[in-house]
1. Being in contact with a strand residue (DSSP E or B) (Cβ under 9 Å, 6 or more places away or on another chain), open to solvent by 20 Å² or more (accessible area, probe 1.4 Å) and among the basic types (Lys, Arg) is true for just one of 386, 375. Which residue is that?
2. Condition first: within 16 Å of the ligand (Cβ to nearest atom), surrounded by fewer than 22 Cβ atoms within 10 Å (Cβ to Cβ) and under 26 Å from residue 419 (Cβ atoms). Can you find one or more residues in region 264-273 that meet it?
3. Looking at region 212-242 only, could you name the residues that are open to solvent by 10 Å² or more (accessible area, probe 1.4 Å) and away from the ligand (no atom under 11 Å from the Cβ)?
4. Step by step: first the residues of region 137-166, then only those that are assigned to a strand (DSSP E or B) and open to solvent by less than 30 Å² (accessible area, probe 1.4 Å), then the one that is farthest from the ligand (Cβ to nearest atom). Which residue is that?
5. Which residues, counting only those in region 168-211, are open to solvent by less than 50 Å² (accessible area, probe 1.4 Å), in a strand (DSSP E or B) and either over 16 Å from residue 279 (Cα atoms) or within 13 Å of the ligand (Cβ to nearest atom) (or both)?
6. Looking at region 189-227, which of the residues that are among the charged types (D, E, K, R) and over 12 Å from the mean Cα position of the chain (by Cα) is farthest from residue 443 (Cα to Cα)?
7. Output the number of the condition that residue 322 fails; it satisfies all remaining conditions of (1) within 24 Å of residue 125 (Cβ to Cβ); (2) part of a loop (DSSP other than H, G, I, E, B); (3) among the hydroxyl-bearing types (Ser, Thr, Tyr).
8. Restricting attention to region 283-315, and to residues there that are more than 12 Å from the chain's Cα centre (by Cα) and within 12 Å of the ligand (Cβ to nearest atom), which single residue is farthest from residue 86 (Cα to Cα)?
Amino acid sequence: MFEKVLIANRGEIALRIHRACREMGIKTVAVHSTADANAMHVRLADEAVCIGPAPAKDSYLNKAAIISAAMITGADAIHPGYGFLSENADFAEMVELHGMTFIGPKPEMIRLMGDKVTAKRAAIESGLPVVPGSDGDVKTVDEALMWGEKIGYPVIVKAAAGGGGKGMKVAHNASEMADAFTLAKNEARSSFASDVVYIEKYLQKPRHIEIQIIADNYGNVVYLGERDCSLQRNHQKVLEECPSPALNPEQRRKIGEIASKAMAHIGYTNVGTIEFLYEDGQFYFLEMNTRVQVEHPITEMVTGVDIVRDQIRVSSGGLLGYKQEDIRMNGYAIECRINAEDPRTFIPCPGQIGAWHVPGGLDVRVDSGMYAGYKVPPNYDSMVAKLIVHGRTRNGVLMRLRRALEEFVIEGIKTTIPLHQKIITDPEFIDGQYNIHWLENFIEQHKDEIVEE
Ligand code: MV4
């Protein structure tokens, strides 16, 4: 097992990793920017190293500074968390070249899944269902038109290097294809290093359902159920739930087994999430995330598995220690992402937190790096807390969530708590009747009713 882990991240995930390390008897090293000198992860860690100024590119994305900090403090592994360098294959390689362990999958896996075209090819080869489309990159408008005829409209043109919805354009018919293709290609070129694009049938009302998997280096792969992440705004998840209200146990078992088999076939190790679009009872592979995700706690609450602890264990060469038949889905869990934003306009509201009181009680978990008096810096993501609520039934969870949101006190900054309060009292949401477009329509229709107390 590792003796010392450097945590190459900030905020709640840095704390989450620190906590797992502490419980495993592992020493921790925090790294931080000058803007984060007073952050909780810096206070709690055994050691802390300032790695640069506030802009992420000079600190949390500064590979050389992070590796130097790890070498100087004698860390034997680096945990990248999510975002920042977590899916950077070059960084993972650099960590290994310096004789340390990157807590994540092998660099080749990160690279394979980072390119959506190669990821889709690997998905097909390993038996995952995919959206019908071009089997590789599409180079010209004529070729794009050919695929449009073949698959049938509407189609979507996507950047191979894509993510966060960038470089994505829908063509509803042949006359829209030239523009969609050119726009997607140009956006891909300016947002990423690559202008490679591919084409898929456009699904019009899918849900976003993802399967959590964990695998050790000895061929053991286990799936930990799914999360429904359909509630998004501008490709930012807002609320996630586990299990999905759209699946029954049989459908869950089927897709879970397909996902596990595919990961075993690819030789994937560590934690990972396989994203699917789900429409009319069918799953379609979308992409794979090769990191621990923001919403991993809902899976932990339902399965009882400590995902970050087990990730660290398998990274150090340990056995997973349980089999698929040991995993039981126990009840429901929902996570609300609470952001320092205006709940109507979503404009970030960094600033000093006044009063800070978190809800508690049975089956209520708050993951946050905030505290009373803390100054939320303007340089990073606006998420200030994750409220995760568990219960035996989905209705019970919604009741408990309503209570917990009411109990939450955050003064001094605006937050998205009122948005969550509005969402969870909506009849369609209560019925579980939603898809990836539901939240944006809901906000459009109800924004005047989203009010702060
Ligand atoms: C799609 C799609 C419909 N059909 N692909 C958006 C982000 C990127 N990772 C993939 N995305 C989509 N791909 C096909 N063939 C719709 C989306 C999409 C979406 C997916 C998941 C969650 C929210 C979304 C919001 C808009 C579009």
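The values are calculated or read from the model by the stated rules, or taken from the named source; none is laboratory data. Since the model is a prediction, treat every value here as computed from it, not as a measurement. For neighbour counting, all protein chains shown are included, and Cβ atoms are generated from backbone atoms with ideal geometry for every residue, glycine included. Note: areas computed on protein heavy atoms with side chains; ligands, DNA, RNA excluded. Shrake-Rupley method; radii C 1.70, N 1.55, O 1.52, S 1.80 Å.
1. Checking each option against the conditions leaves just 375.
2. no
3. Answer for region 212-242, where residues must be open to solvent by 10 Å² or more (accessible area, probe 1.4 Å) and away from the ligand (no atom under 11 Å from the Cβ): 217, 218, 219, 220, 221, 223.
4. To start, the set of residues in region 137-166 that are assigned to a strand (DSSP E or B) comprises 155-163, 166.
Still in the running and open to solvent by less than 30 Å² (accessible area, probe 1.4 Å): 155-160, 162.
Numbers: 155: 8, 156: 5, 157: 10, 158: 7, 159: 10, 160: 12, 162: 6 Å.
Checked region 137-166; the qualifying residue farthest from the ligand (Cβ to nearest atom) is 160.
5. Selection gives 170, 171, 197, 198, 199, 200, 207, 208, 209, 210.
6. 216
7. The single condition residue 322 does not satisfy is (1).
8. So the residue we want is 284.
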